[in-house]
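Worksheet for the structure shown next.
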Amino acid sequence: MKRSDFSHPRIIDNQAYAELYYKRNKKRGETLSKKYAERFSILGFEEGNVLDAGCGYGIYAIQIAKSFPKAKVTGIDLSESLLQIAINVAQEEHVSDNVTFQKQDVQKLPFTDNFFNLVLNVNMMHIVEKPTKMINELERVLAPYGILVIADIKRSWIGHIMPLFKTAFTFDEAKNLINHSKLQKGQFYQGFFWWGFEMIKNQKITPYK
């Protein structure tokens, strides 16, 4: 199955659609965000600067702020509509003191080198126009011994039923993109709908379970 392009804008710029998107995905996002927080703890994260690159409505950034109150979390996205939802939810969850949201491009990060101790990038690889450029930017801002986690949906036969998956990379394509980036070797894994990659800069990691 060949990869197809998006049939809708890559950036959600309609507030009504953003609200609908949030309601449809909130429950699943909450479940996944808790699993990510547990994984970060296993990998040794306790505090520091965190970047959620392509944060959408902020579900992962907010959960990190809740799970690691000593962390300073920054979520970035190009959708002002989704960012407004993220800001509102952060206020409702009383974590606005340690999580902020900015309109920024994941392919051109406005942060200094080696700044973040944890970088998370979920469901963005298939959306950005230049994924390798984004990956190299994530590597640039990741501090030594910092944790990086990238995950995305996976193209497979399921795309015949769910067209969104036709826009994604296959597991092998994703591995190839990451292996030809500036990232050091890390650990790849995959599920039925998704694939993932994680690494600790300058250090081996605990195997994913």
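The values are calculated or read from the model by the stated rules, or taken from the named source; none is laboratory data. Because the structure is a prediction, the values reported are computed rather than measured. We place every Cβ from the backbone using ideal geometry, glycine too, and count neighbours over all the protein chains shown.
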Exercise. Taking the stretch 41-65 as the search range and keeping residues that are among the small types (G, A, S) and either under 11 Å from G29 (Cβ atoms) or in contact with a Cys (Cβ under 7 Å, 6 or more places away or on another chain) (or both), which one is surrounded by the fewest Cβ atoms within 10 Å (Cβ to Cβ)?
Worked result: G56
Exercise. Are there any pairs with C-beta distances below 8 angstrom linking a residue in the stretch 143-154 that is farther than 12 Å from K204 by Cα to a residue that is surrounded by 22 or more Cβ atoms within 10 Å (Cβ to Cβ) and small (G, A, S), with the two at least 6 apart or on different chains, and if so which?
Worked result: D152/A168; D152/A174; I153/A168; K154/A168; K154/A174
Problem set entry | Any pair with Cβ under 7 angstrom, 6 or more apart, that starts in the stretch 62-75 at a residue that is charged (D, E, K, R) and ends at one that is outside any loop (DSSP other than H, G, I, E, B) | K72/N49; K72/V50
Exercise. When you look at D77, is it modelled with pLDDT of 95 or more, acidic (D, E) and in contact with a Cys (Cβ under 8 Å, 6 or more places away or on another chain), yes or no?
Worked result: yes
Problem set entry | Residues of the stretch 165-185 satisfying the condition of being modelled with pLDDT of 95 or more and small (G, A, S) | A174, S181
